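Readers should treat all values here as calculations from the given coordinates under stated rules, not as data from a laboratory. Because the structure is predicted, anything quoted here is derived from the model rather than measured. Backbone-built Cβ (ideal geometry, glycine too); neighbour counts: all protein chains shown.
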Amino acid sequence: MYNWNVINITVIQRTLAIISGEDISARIRLINSWQYVSRDTLWMGNGIGQTPIITNVYAYILSDFGLIGFIGKLTFTAYISFKNWKFGIVFLLLNFAKGGYLSSGYWFMMIIFITYGLSKKDHYSLKNK
């Protein structure tokens with residue numbers, strides 16, 4: 001298979017490291033980033049920029065904006081997934097790994113997903129021409 005070594009290292013070995021607990025960065029992204037969510041501020045959040053920099057955007061949104069912002073983010077994720085399931089999966093995974101919503105890279109990613117992921121035109125088919 002073409003580039004089997006790359007697939008083996010990046011997908012299979014990394015997944016095994018995550019499952020076994022050896023991969024510290026995955027644990028930080030998936031589990032430790034939720035430690036900043038507080039029951040005291042769960043409804044309205046801490047406020048913009050009040051959470052230390054974490055890599056899980058969903059935990060970041062819940063911590064800073066509370067349930068109101070978090071439900072909005074989940075609704076947008078569901079909408080993207082409904083319109084284009086492939087982009088939806090990538091969008092979901094990038095939000096777990098990308099970093100803070102205050103960075104320019106995050107908003108560049110959002111522009112790309114809004115522009116290409118929600119487009120009604122079929123970009124993948126050349127049969128219609």
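With respect to Ile12, is the statement that it is surrounded by fewer than 15 Cβ atoms within 10 Å (Cβ to Cβ) and closer than 17 Å to Leu93 by Cβ true?
In short, yes.
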If I go through region 81-119 residue by residue, how many of them are over 22 Å from Ile31 (Cα atoms), of a type in the set (Gly, Ala, Ser) and either in contact (Cβ under 8 Å) with a residue 60 or more places away in the chain or part of a helix (DSSP H, G or I) (or both)? 4
Please enumerate the residues belonging to region 26-35 that are part of a helix (DSSP H, G or I) and either aliphatic (A, V, I, L, M) or within 17 Å of the chain's Cα centre (by Cα) (or both). Ala26, Arg27, Ile28, Arg29, Leu30, Asn32, Ser33, Trp34
When the residues of region 15-48 are filtered to those that are within 15 Å of Phe65 (Cα to Cα) and β-branched (Val, Ile, Thr), which remaining residue is surrounded by the fewest Cβ atoms within 10 Å (Cβ to Cβ)? Ile48
Within region 12-25, track down each residue that is closer than 15 Å to Ala97 by Cα and assigned to a helix (DSSP H, G or I). Arg14, Thr15, Ile18, Ile24, Ser25
Can you find even one residue in region 73-80 that is among the basic types (Lys, Arg), surrounded by 12 or more Cβ atoms within 10 Å (Cβ to Cβ), in contact (Cβ under 8 Å) with a residue 12 or more places away in the chain and closer than 30 Å to Gln13 by Cβ? no
